[in-house]
Amino acid sequence: MKCRLLQLLLLLSGILVAVSSRNLDPELESEFNANYIEQVLRNMNPSIDPCEDFYAFACGNWSANYKDTQNYLDMPGYLDYKYNAQLLTVLEKQHLQGGIYEQLLAYYVSCRDLKQPALNELLHRLELELQLEWPIFRGNQSEMWRNETQFDWLSMLAKLRAYGLNGIFIKQDVNVRRENGTHYVILLAPQPSEAPPLTEQEIHHLYVAFGLDMQLAKKLTAKLMQLEWRLKNVKRDAAVSEMYELNLLQLQQQLPQIDWRHYLKMVLGAPPPATQLLQVSSLSSRYLEQLQTILAESSNETICYYIMFKLLYGLSEELPVGGNRKMSCVLQLRGHMPLAMNYLYEQHYYKVHRQRTDAALQRLQRGLSGEFERLVLENNLQLNGEEQSLVLEELHTLRLKICNMPRDLQMKELTAYYRDVQLQPNDFYGNKLQLLRFYQRREQQQLKNQAGSFAAHDYYQQEPLLARSSSPVKIFQNAVVLPHAYLQLPLYDARLSVMLQHAQLGFILAHELQHAFDLFHIVYDARGNYNQTGVHLLEHFGNFTSCYTRGNSEQLLLSESMSDIVGLRLAYDSYFNHRQRVEQQQSVEDYTEEQLFFINSVQFLCANMERIMIVNTTRDVEHGLHNERVNRNWPHHDQFAKTFNCTPGQAMFQPKPCRLW
């Protein structure tokens, strides 16, 4: 079979789209592509009718080839696992010396060698800074808590904000101004109503785990759940749901229930000026007065317990748990020190491929952008000149950031960036608190609106959960960040044929490109400023949304589906509208080139769906389950039914595909 594939791929490589610029030996390239397509075919289940269940047809045998369900359940999970394993290999060699390498190794060793991860140790480490004894640790539980009469919940929350605790009673974030997307301000809001709740069973169990007897644990749990219930049922003022901007002096006058200067002084580490700009969202005197009443009617001990358990819920994600301790430690490092870990991977794996791969990716991105520009100028949406200009300016300034790090980053620059971090190989808890503070300090420093360690578009600071993700993402700064993990097989290699590059990574990039113009981002211009023209442009999406939302109305799902449908079209047209055939197109294993395109476009979503449905851990509320997503969106491509000869009445036949742009 491989010989036949190689022979047929020699014919396919005759499609002259940017191939000549890669200067690869045609025969070696064809053998490489033959091996790749052979894997694609192994992942398929050809016994399934593609017009009845296209996902099962394209991915039905994937789980037979990727059997390690302890470490991954889908292709994105496999890529993440492979990337973590590569980083682990470097760290385990322990020959890293000098600069940031010693810091990375210190944290990794402290995490790997931790005997029994314990949240109470993190609580003990925080007592000195908070200047209190947690009530759970007092020697005699029948005695009054020593801090009962000297407890300032606002100061406590401000100090814990430095370790990432947020959204308790009030929420403080760093945001950009609506009128100036490069200027950072403080954002204040009430406790989110959708915050994960404390549950009675879990709280009671934790009290007992800390050593309290059952009767006392039940009594304290009841008090805590009463406070939780009252906070959940605080009345929100609908009249102030919109975000507005004011300075600190005005804030104190409008919302005097909180000493904002006192709170922000501790959060920021310095007294804020009276002219400090802030944004306020859904925060009202009515909310704060209710909050004051609720807290005044609760004991300080109960309030402290409430904060403590919310803190424990957050910190529980920071301990290395699970079956594979080493991989867990690598993942933590990726979240805490993403720039250093990106540098580590760059030096040991990607550096030798960067020039060739970056050039291929930029060509791919230019082709996708050019195809989208063509659609905008065709003007199916009947945009006016101002609306077209808004879209095209954003498109022309959209950046593809290949690996989130400055180009040609030097060790001395990296060491300077982490100069305030001093990690020790035998102090996991101290290291953890240092790195939590480091991220929050960097986050709050953006409020100075001064030049940072790197140029604005050289490195994008991301929250830890996003920083440790391997998936490409469109970020607010009008860039698509493409992490290292997706730039390797079985997903991508610059040696792949142009069709295969367009089908899989091309689709992924086109999907992210479209997020610049989805329901949430279209209202911001190329500079990140809120733009009324974008609001008016949304009205042109009406035909698509009414077409698509006959079965799906969720806004997140709609934006993701829009990006799927348009992204698939861009990737398809970017290749098939511009190829030059030197001879008649040939099939591979009885599949046409168009069929191979659609099949390959799905394979990055291949998964062990049976296992996913059992464990129910990877449901993506934004995209939906992989199989549902593919079968819902792929038939909206106007060539899909024709390519697979689907007919009316079949599940994948879409009589009127929904079109945007």
Matching residues in the range 186-220 - criterion: being buried (at least 18 other Cβ atoms within 10 Å of the Cβ) and assigned to a helix (DSSP H, G or I): Ile203, His204, Leu206, Tyr207, Ala217, Leu220
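Evaluate the following for Pro256: is it part of a loop (DSSP other than H, G, I, E, B) and closer than 18 Å to Leu447 by Cβ?
In short, no.
For Gly370, are the conditions met, namely being free of Cβ contacts under 8 Å to residues at least 24 places away in the same chain, more than 30 Å from Glu318 (Cβ to Cβ) and assigned by TED's automatic domain parsing to the domain that holds Ser497? Give the steps one after another, and end with the answer.
Details: free of Cβ contacts under 8 Å to residues at least 24 places away in the same chain: no; more than 30 Å from Glu318 (Cβ to Cβ): yes; assigned by TED's automatic domain parsing to the domain that holds Ser497: yes.
It is false that Gly370 is free of Cβ contacts under 8 Å to residues at least 24 places away in the same chain, more than 30 Å from Glu318 (Cβ to Cβ) and assigned by TED's automatic domain parsing to the domain that holds Ser497.
Per-residue answers, yes or no, for (1) touching a helix residue (DSSP H, G or I) at 6+ places or on another chain (Cβ under 6 Å); (2) in contact (Cβ under 8 Å) with a residue 12 or more places away in the chain; (3) of a type in the set (D, E, K, R); (4) not assigned by TED's automatic domain parsing to the domain that holds Tyr492:
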| position | (1), (2), (3), (4) |
| --- | --- |
| Tyr313 | no, yes, no, yes |
| Lys326 | yes, yes, yes, no |
| Cys329 | yes, yes, no, no |
| Tyr345 | yes, yes, no, no |
| His348 | yes, yes, no, no |
| Leu364 | yes, yes, no, no |
For Gly139, state whether it is modelled with pLDDT under 90, assigned by TED's automatic domain parsing to the domain that holds Pro271 and more than 29 Å from Phe476 (Cβ to Cβ). yes
Inspect all residues belonging to the range 214-233 and state whether any of them is of a type in the set (A, V, I, L, M, F, W, C), in the same structural domain as Glu289 (by TED's automatic domain parsing) and within 13 Å of Ser281 (Cβ to Cβ). no
Taking the residues in the range 268-294 that are surrounded by fewer than 19 Cβ atoms within 10 Å (Cβ to Cβ) and modelled with pLDDT of 95 or more as candidates, determine which candidate is nearest to Glu202 (Cα to Cα). Ile294
Kindly list the number of the only condition in (1) under 30 Å from Leu500 (Cβ atoms); (2) surrounded by fewer than 19 Cβ atoms within 10 Å (Cβ to Cβ); (3) not charged (D, E, K, R) that fails for Val321. (1)
Hey, does the range 458-466 have a residue that's hydroxyl-bearing (Ser, Thr, Tyr) and either under 27 Å from Leu395 (Cα atoms) or not in a helix (DSSP H, G or I) (or both)? yes
Would you confirm, using the coordinates I've provided, whether Leu482 is within 18 Å of Leu395 (Cα to Cα) and in the same structural domain as Lys351 (by TED's automatic domain parsing)? yes
Restricting to the range 404-455, and then to whatever is touching a Pro at 6+ places or on another chain (Cβ under 8 Å) and part of a loop (DSSP other than H, G, I, E, B), can you tell me which residue is nearest to Met337 (Cα to Cα)? Asn404
Taking Ala270 and the conditions (1) in a helix (DSSP H, G or I); (2) under 32 Å from the mean Cα position of the chain (by Cα), which numbered condition does it fall short on, given that it satisfies the others? (1)
Of all residues in the range 504-541, which are under 16 Å from Leu375 (Cβ atoms) and surrounded by fewer than 19 Cβ atoms within 10 Å (Cβ to Cβ)? His540
State yes or no: is Tyr207 farther than 24 Å from Glu463 by Cα, under 32 Å from the mean Cα position of the chain (by Cα) and among the hydroxyl-bearing types (Ser, Thr, Tyr)? no
Among the residues listed as Leu558, Leu509, the single one being in a helix (DSSP H, G or I) and touching a strand residue (DSSP E or B) at 6+ places or on another chain (Cβ under 7 Å): Leu509
Checked the range 43-78 for anything farther than 25 Å from Gln639 by Cβ and of a type in the set (D, E, K, R); matches are Lys67, Asp68, Asp74
Residue in the range 194-205 that is in the same structural domain as Phe137 (by TED's automatic domain parsing), more than 30 Å from Leu278 (Cβ to Cβ) and hydrophobic (A, V, I, L, M, F, W, C) present: yes
With the condition kept exactly as written, say whether any residue in the range 240-256 is aromatic (Phe, Trp, Tyr), under 25 Å from Phe151 (Cα atoms) and in the same structural domain as Trp153 (by TED's automatic domain parsing). no
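Could you say which residue among Leu126, Leu96, Leu114 is under 16 Å from Cys329 (Cα atoms), outside the structural domain of Phe428 (by TED's automatic domain parsing) and within 31 Å of the chain's Cα centre (by Cα)?
Values: Leu126 fails: under 16 Å from Cys329 (Cα atoms); Leu96 fails: under 16 Å from Cys329 (Cα atoms).
Sole residue among the options that is under 16 Å from Cys329 (Cα atoms), outside the structural domain of Phe428 (by TED's automatic domain parsing) and within 31 Å of the chain's Cα centre (by Cα): Leu114.
The values are calculated or read from the model by the stated rules, or taken from the named source; none is laboratory data. Remember, predicted model here, so these are calculated numbers, not experimental data. All Cβ positions, even for glycine, are placed from backbone atoms using ideal geometry, and neighbour counts span all protein chains on display.
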